[in-house]
Amino acid sequence: MTTLIWSIASILVLGGLIYKRASLTLFTLVAAAALAIGSGLGIVGTLAWILFAIIAIPFNVASLRKSLLTKPALKAFRSVMPEMSQTEKDAIEAGTTWWDADLFSGAPDWKKMHQLPMPRLSAEEQAFLDGPVEEVSRMVNAFRVSHQDADLTPEVWQYLKDKKFFAMIIKKKYGGLEFSPYAQSQVLQKLAGVDSVLASTVGVPNSLGPGELLQHYGTEEQKDHYLPRLAVGQEVPCFALTSPEAGSDAGAIPDYGIVCKGEWEGKEVVGMRLTWNKRYITLAPVATVLGLAFKLRDPDGLMGDQEDIGITCALVPTDIDGVVIGRRHFPLNTMFQNGPTQGNDVFVPLDFIIGGPKMAGKGWRMLVECLSVGRGITLPSNSAGGIKTAAAATGSYSRIRRQFKTPIGKMEGIEEPMARIGGNAYLMEAVNAMTTTALGLGEKPSVISAIVKMHLTDRMQKCVIDAMDIHGGKGVCLGPNNYLGRGYQGAPIAITVEGANILTRSLVIYGQGAIRCHPYVLKEMEAAFDKDAGRSLENFDNAVWGHVGFVFSNLVRSIWFGLTGARFSSAPYSDVTKRYYQHMNRFSANLALLSDLAMAMLGGSLKRKERTSARLGDLLSQLYLTSATLKRYQDDGRQTDDIPLMQWAVEDSLYKLQTSLVELLENFPAFGGLLKFLMFPLGLPMKRTSDKLDHQVAKILQTPCAARDRLIAGQWLEAHENNPVGRQEQTLRNILAAEPLFDKVCKAAGTKLPFWKLHEVAEKGLELGVLTADEAQLLRDAETGRLETINVDDFDPEELKANPVEVEPTKPVQAA
Ligand SMILES: Cc1cc2nc3c(=O)[nH]c(=O)nc-3n(C[C@H](O)[C@H](O)[C@H](O)COP(=O)(O)OP(=O)(O)OC[C@H]3O[C@@H](n4cnc5c(N)ncnc54)[C@H](O)[C@@H]3O)c2cc1C
C-alpha cells in the first residue's frame, strides 16, 4: 500500500512539473527528493539511485550533456533536415508570428489575448464610412456594372479617385488617407455588400501592389514621384507576377530582364531589357503603372559579379513603347478590370527597380513580406462583408417569403443552412477585427494572414451557396433585383487569388506555421546550419533540450486533458464560454504534440505529405478562428443576446477542428490508434451544433433585434433604388408590423385569409372599422415590398443578347 501511495504521489508530482513545464534543475531536485522519500520508506534501493545518477548527471552537467548527447543529436538532425533553399528561407523569415505562436505552444495565455486592444475607428475613418463609402454605394448599380457596362461607370471611377479610395494605405504626407488596417477592412466590407466589382477595384491597389511595395522599399525619389500620384488616382497601379507557366509556383516565373546599356531620354544608361507574358492581372487593362516581377540576369557583369541576380520588382509605366495592356479576361461575370500584359525587350533604366539597383534580386522577399499584410485584409474583408449582407438578406427574405402558409425561415430545413450563415457572419467579423488589430500593431503575421485568407474565403463560398439554396429561384434569376447570384458566381475568384486555397491549406499554413510558430524548431534549424561550430552547438543544446521538455509536457497535458476532459484547466471566464477555453487548451496541447511527432516521424518529407500538413494546419486555423470569436464576444461586452451566435461559431469551429484531428490520427504515419486512445479515452468531446442552437441563430437573422443589428453592423442597408437588400430590410420591418394588423382583420372578418394581397386586406380592415388609415397604409406598403421581395426580373429576349464577341476557332499556341 505504501509503495502504491508513494508511486502515485511521485507520478502526480513529477507529472505536474512536466505539465507546468518546470525547469530541468527543479525537476531533477524533486525527482531526487521523491527517491529520498522512497529510500526512507524502504521502497527505493541502490539500483534506482544508480539509474537516476546515470540519467540526471549527463543531463544536468552542461559540458557532459553537450559532448555525450547534444553533439550526436546535432549530427543526426543535420542528416535528416535538408538545408533550406533561399526561397524557402525568405518565405519562413518574412513576416512575424503573433497569437498563432501562443496557439501552437500547447498552453495559450488567454489573459494575454483578451488584453489585446479592441479595434476602433478614428472620427475621420468613421466619417469616410458614413460619407464617401455610402455615397459611392448609392452610385453603383451592380447589375449594370456586370451585365451592361462590364465596368464601373466613369463617374464612379472618378469619385473613387477624387475621394482617395485607392489611397487608404498611402501615408498622409504623400496625400493618402493612411487608414488603419481595421478601417480599411470596414470600408471593404461595406463595399463588398454593395458589389464585388466595386470592392475588388478598391481592394487591389490597397493590397499588395506598387503602393505597398513603394512605401516599404521605394527610394525617396520613387516615393515622392509615385505616391502622391497614386493617392489621387493620377496613376492606376497593378501588380503582375502570375504568368501562364507560373501560377501557384510563382517563384518559377519565366519572365526575365537582362542588364545592359541602352538609351533613355537621349542618354546612354545602364538598364534592363524586360520580356514578360503575364496573365490574370487585376487592373492591368487600365493601369498606368505596372508593378512587374521578373528574374534579372547580368551576363556582362554591369552590376557586379553575380550573373543570376534573381526575382526583382520594377515599376514600368504602361505608356512606354512595347508595353502591351488593354485586353481583358472575363472572370465569372465579375467585371472588374483584369487581363493579360506582355512586353518584349522593353528597355528601362535600373532606377525603375523598386528600391533602386540595390534591391535587385530581393523581389521575392519583398513580395512575401508585403503579402502578409494585404492578404490579411482584402479578401477576408470582402468575404466577411459579402456574408454579413447575405445574412441580412437571407434573414429578411426567409421571413417575408411564405410557402405552405408559413415563412420559409421557420422551417427546420431552412434553419440549418441559415444558422451556418449567421454563425459564420459572426465569426468572420471577429476574425477580421482580430487580424487587423495585429496588423495595426505593426505585425506582419504571415501564417495568420494565410489562415484568414483561406478560411474566410472558403466559408464565404459555402455560405453563399447556402444563401442561394435558401433563396431558390429568387437567387437563380439574374437581374437588377438579384443581390446574390453574382456573389455566388464570383466566389471561386476569392478562392483562387492570393494563394489558391488548396495550396494554402496543404502547403502554406502548416508548412510555415510549424517552423515559424514552434518555440524551438526554427532555433534548431538556425543553430544546425550555423557555420560557427561553437555557437552552433551551444544554441542547438539550448533549443533541442527545451524541445524535448516541450514534447513531454504536451504528452502529459494531452493525456491529462483526455482523462479529465480538460475540466481543471484554466479559463479566463467561468460563464458559458469556460468549457470552450478548456477544449482549446486541450486541442492546443494535442496540436503541439502531434506536430512534433509528425515532424519526428516524417522529417523533411512532411512537406510532401500534404494531407498531414493540411490537417495539422486545420487545427491551428480553427484554434485561431475560435479564439478570435471569443475575443469578439468579450470586446462586444459579453452580450447575452449574442450568445447563440458566439456559441454556434465556436462549436462549429471546434467540431471542424476535431474532425481534422481524428482524420489526422486515422492517417498518422504510426501509432495513430494508440494516440487516439490516449487523447480521447472518454470519447470525442465536440458535437455538431444542435438543432436548438441552429434554431436560435436562424431566429436572430429573421428578427430585427440588437443581436441582428450587431451582426450586420457597418453594411450599407439604406432602402435605396440601387439597394434591393436595403429595401428588403424595410419590407421586413413592414411585414412584421403588418402581421398583427392582418390578424386583427382576419379576426374581425371571422375568417383566416391567405397572407397576400395585403392591400385588399387593408381595404377590408377599413371597411370593418378595425384599422386606422395609417395602419391600412402600412399594410399596402408591406404588400408592395412583399411583391418586390418575391418577384424576379424578366427581360425581352432582345435585351438578353450579349454584345457580339469575335470568337476565333481555338488554334494551337505556337511555341516562340
Ligand atoms: C481573377 C483573378 C485575379 C488575379 N489577380 C492577380 C494579380 O493582380 N496579379 C497577379 O500577379 N496574379 C493575379 N492572379 C493570379 C492568382 O494569384 C493565381 O491564379 C493563383 O496564384 C493560382 O495560379 P493558377 O490559377 O495558375 O492555378 P495553379 O497554380 O495552376 O493551381 C491549380 C490548382 O492546383 C493547386 N495547387 C497548386 N500547387 C499545389 C500544391 N503544391 N499542393 C496542392 N495544391 C496545389 C492550387 O491550389 C489550385 O487549386 C489573379 C487570378 C485571377 C483568377
> Checking LYS656 against (1) assigned to a loop (DSSP other than H, G, I, E, B); (2) open to solvent by 30 Å² or more (accessible area, probe 1.4 Å), which test does it fail?
Replying inline: (1)
> Is there a residue being free of Cβ contacts under 8 Å to residues at least 40 places away in the same chain, over 18 Å from THR629 (Cβ atoms) and among the polar types (S, T, N, Q) anywhere in the stretch 383-398?
Replying inline: no
>> I'd like the full set of residues that are away from the ligand (no atom under 16 Å from the Cβ) and of a type in the set (Lys, Arg), limited to the stretch 486-523.
In response: ARG516, LYS523
> In this structure, is THR282 within 16 Å of the ligand (Cβ to nearest atom), within 30 Å of GLN148 (Cα to Cα) and buried (at least 16 other Cβ atoms within 10 Å of the Cβ)?
Replying inline: yes
> Going through the stretch 233-256 one residue at a time, which ones are near the ligand (Cβ under 6 Å from one of its atoms) and open to solvent by 20 Å² or more (accessible area, probe 1.4 Å)?
Replying inline: PHE239, LEU241, THR242, GLY247, SER248
> In this structure, is PRO669 modelled with pLDDT under 95, touching a helix residue (DSSP H, G or I) at 6+ places or on another chain (Cβ under 8 Å), open to solvent by 30 Å² or more (accessible area, probe 1.4 Å) and not charged (D, E, K, R)?
Replying inline: yes
> Among all residue pairs at least 6 apart or on different chains, which show Cβ distances below 9 Å where the first residue, located in the stretch 408-419, is among the basic types (Lys, Arg) and the second is open to solvent by 20 Å² or more (accessible area, probe 1.4 Å) and modelled with pLDDT of 95 or more?
Replying inline: LYS410/ARG399; LYS410/LYS699
> Which of (1) in contact (Cβ under 8 Å) with a residue 40 or more places away in the chain; (2) open to solvent by 80 Å² or more (accessible area, probe 1.4 Å) does ALA62 not meet, given it meets every other one?
Replying inline: (2)
> Would you call ASP100 of a type in the set (D, E, K, R), touching a Gly at 6+ places or on another chain (Cβ under 9 Å) and open to solvent by less than 40 Å² (accessible area, probe 1.4 Å)?
Replying inline: yes
>> Tell me whether the stretch 379-398 contains one or more residues that are of a type in the set (A, V, I, L, M, F, W, C), on the phi < 0 side of the Ramachandran plot and assigned to a strand (DSSP E or B).
In response: no
> When the stretch 316-368 is examined, which residues are found to be among the charged types (D, E, K, R), farther than 30 Å from ILE495 by Cα and assigned to a helix (DSSP H, G or I)?
Replying inline: ASP351, LYS358
> Which residue pairs have Cβ atoms closer than 8 Å, lie 6 or more positions apart in sequence or on different chains, and pair a first residue in the stretch 748-766 that is in contact (Cβ under 8 Å) with a residue 60 or more places away in the chain with a second residue that is open to solvent by less than 70 Å² (accessible area, probe 1.4 Å) and among the hydrophobic types (A, V, I, L, M, F, W, C)?
Replying inline: PHE755/PHE742
> Limited to the stretch 324-358, what total is found for residues that are open to solvent by less than 20 Å² (accessible area, probe 1.4 Å), among the hydrophobic types (A, V, I, L, M, F, W, C) and over 21 Å from TYR217 (Cα atoms)?
Replying inline: 3
> in contact with a Pro (Cβ under 6 Å, 6 or more places away or on another chain), modelled with pLDDT of 95 or more and hydrophobic (A, V, I, L, M, F, W, C): does that describe VAL697?
Replying inline: yes
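Every residue, every condition in (1) out of contact with any helix residue (DSSP H, G or I) (no Cβ under 9 Å at 6 or more places or on another chain); (2) assigned to a loop (DSSP other than H, G, I, E, B); (3) within 16 Å of the ligand (Cβ to nearest atom), yes or no:
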{"site": "VAL259", "(1), (2), (3)": "no, no, no"}
{"site": "ARG273", "(1), (2), (3)": "yes, no, no"}
{"site": "LEU290", "(1), (2), (3)": "no, no, yes"}
{"site": "PHE294", "(1), (2), (3)": "no, no, yes"}
{"site": "ILE309", "(1), (2), (3)": "yes, no, no"}
>> Please count how many residues of the stretch 359-370 are hydrophobic (A, V, I, L, M, F, W, C) and either touching an Asp or Glu at 6+ places or on another chain (Cβ under 8 Å) or open to solvent by 40 Å² or more (accessible area, probe 1.4 Å) (or both).
In response: 3
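Surrounded by 21 or more Cβ atoms within 10 Å (Cβ to Cβ) and either closer than 30 Å to THR659 by Cβ or free of Cβ contacts under 8 Å to residues at least 24 places away in the same chain (or both): is that true of ILE735 in this structure?
No.
Could you list, in sequence order, the residues of the stretch 23-35 that are of a type in the set (Gly, Ala, Ser) and surrounded by fewer than 17 Cβ atoms within 10 Å (Cβ to Cβ)?
Our first condition is that a residue be of a type in the set (Gly, Ala, Ser); within the stretch 23-35, this holds for 23, 31-34.
The answer is SER23, ALA32, ALA33.
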>> Exactly one of these conditions fails for ILE559: (1) surrounded by fewer than 19 Cβ atoms within 10 Å (Cβ to Cβ); (2) under 30 Å from the mean Cα position of the chain (by Cα); (3) at pLDDT 95 or above. Give me its number.
In response: (2)
>> Looking at the structure I just gave you, is GLY479 away from the ligand (no atom under 12 Å from the Cβ), modelled with pLDDT of 95 or more and either closer than 19 Å to THR334 by Cα or among the hydroxyl-bearing types (Ser, Thr, Tyr) (or both)?
In response: yes
> Any chance the stretch 432-450 includes a residue that's touching a residue at least 24 places away in the same chain (Cβ under 8 Å), open to solvent by 10 Å² or more (accessible area, probe 1.4 Å) and within 28 Å of GLN403 (Cα to Cα)?
Replying inline: no
>> I want to confirm something. Restricting to the stretch 103-130 and keeping residues that are in contact (Cβ under 8 Å) with a residue 60 or more places away in the chain and charged (D, E, K, R), which single residue is most open to solvent (accessible area, probe 1.4 Å)?
In response: ARG120
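The values are calculated or read from the model by the stated rules, or taken from the named source; none is laboratory data. Just so it is clear, the model here is predicted, and its values are computed rather than measured. Using ideal geometry, Cβ is built from the backbone for each residue, glycine included, and neighbour counts are taken over all protein chains shown. The protein model used for the area step is the full one, side chains on, heavy atoms only, and it has no ligands, DNA or RNA in it. Shrake-Rupley method; radii C 1.70, N 1.55, O 1.52, S 1.80 Å.
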